[in-house]
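This report concerns only the one structure given below.
The values are calculated or read from the model by the stated rules, or taken from the named source; none is laboratory data. Fair warning: this is a prediction, and the values are worked out from it, not measured in the lab. Cβ atoms come from the backbone with ideal geometry, glycine included; neighbour counts cover every protein chain shown.
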Amino acid sequence: MIITRTPFRISLAGGGTDFKNFYKNKDGKVLSFSIDKYIYVMAKRQLGIVDHKYKISWSRVEFCNKIKEIQHPIVRETLKYFKIDYPIEISTYADVPSNTGLGSSSAFAVGLVNAICSLQNKKLSKNEIAKIASKIEVDTLKRPMGRQDHYACCFGGINKITFKKSKILVKPLFKDKKFLKVIKNNFLLFYTDIRRDSSKILKEQFHINNNQEKTLCKMRDQVDQLINLVKNNKNTSEIGNILNTGWSLKKSISSKISNSKIEKYYKIAKKNGSTGGKLLGAGGGGFLLIYAPDNKKQKILKSLRGLFRLEFNLDFEGTQITHHNKSIKK
């Protein structure tokens, strides 16, 4: 039996430039970090004495004898990819609900690929695991999404991820204690109590027009703005201003990215001292990230006390095998 642990992620800048429709013409860039909130995937090879060949436990429980009968798309296509023809049970558990903007489906894909590889005694690098997971979700399942989450969740830590036409590059960043302190003390994460289907929102961004491309270029350039800001030890409150600009740019792409409820929370945070923030993920709901200057933090927390605050630390390990029992042999 294999159990993997894969972190969720927070994307700061560059989202949308990880779409192939963008980076096939221009380089894309994303800045993100992984947090200590996880999805756990269990994969267990069963003995030959089973009622059903495949048992999949997620929001429902599936019992199937053929891979094509499996309803969970990521599980079905991953088992196809690895040609799993033996009885197997797969279960998943998560610290945070799905469809909330923290990259849950990609984290699951990464964790499952990692688990199946280990179950088959295949040693793959994190880059290879992320590449397979993104191939399954983006290329095979044709989901209208980018590839940043697979790499962020797989590698862990703080990363600048560059998307080129022929390759994807992951550069670990910020071992600087000052920036780590900013992430821990000045980023506040609130759940808006809205869950949404990101694919419906992302469809509008899948076919990029000229105006959207110009906007995405500006969002991409914010990656280096944030990196230079921290490297040059400038006023970290400027981070909030950059996020605020990015949030405005993102909303200009689609009317579905925000709504009156989200705008209400964002305005309350800014009124009480926040210099900026953004909604995580595709938009429409999920988690709201707020930058809070030290002298305004308590005031902002009090003003948004009606929302659930998710406290977090950084995760630097990425996807990991937490349990590997080899009692059943091939």
Out of LEU31, LEU47, LEU12, LEU79, which single residue is surrounded by fewer than 15 Cβ atoms within 10 Å (Cβ to Cβ) and not hydroxyl-bearing (Ser, Thr, Tyr)?
-> LEU47
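For every residue, the table says whether it meets (1) surrounded by fewer than 24 Cβ atoms within 10 Å (Cβ to Cβ); (2) modelled with pLDDT under 95; (3) assigned by TED's automatic domain parsing to the domain that holds ILE56.
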residue	(1), (2), (3)
HIS72	yes, no, yes
SER106	no, no, yes
ASN121	yes, yes, yes
SER134	no, no, yes
Sole miss for PHE187 among (1) surrounded by 15 or more Cβ atoms within 10 Å (Cβ to Cβ); (2) in the same structural domain as LYS299 (by TED's automatic domain parsing); (3) in contact with a strand residue (DSSP E or B) (Cβ under 9 Å, 6 or more places away or on another chain); (4) modelled with pLDDT under 95 is condition (4)
Give LYS214, LYS234, LYS270 a once-over and let me know the one that is in contact with a strand residue (DSSP E or B) (Cβ under 8 Å, 6 or more places away or on another chain) and not aliphatic (A, V, I, L, M).
-> LYS270
Would you pick out the residues in the range 93-104 that are buried (at least 24 other Cβ atoms within 10 Å of the Cβ) and over 12 Å from ARG9 (Cβ atoms)?
-> none
Looking only at the range 82-97, decide whether some residue is part of a helix (DSSP H, G or I) and either without any contact (Cβ under 8 Å) to a residue 12 or more places away in the chain or not aliphatic (A, V, I, L, M) (or both).
-> no
Is it the case that ALA152 is among the small types (Gly, Ala, Ser) and touching a Cys at 6+ places or on another chain (Cβ under 8 Å)?
-> no
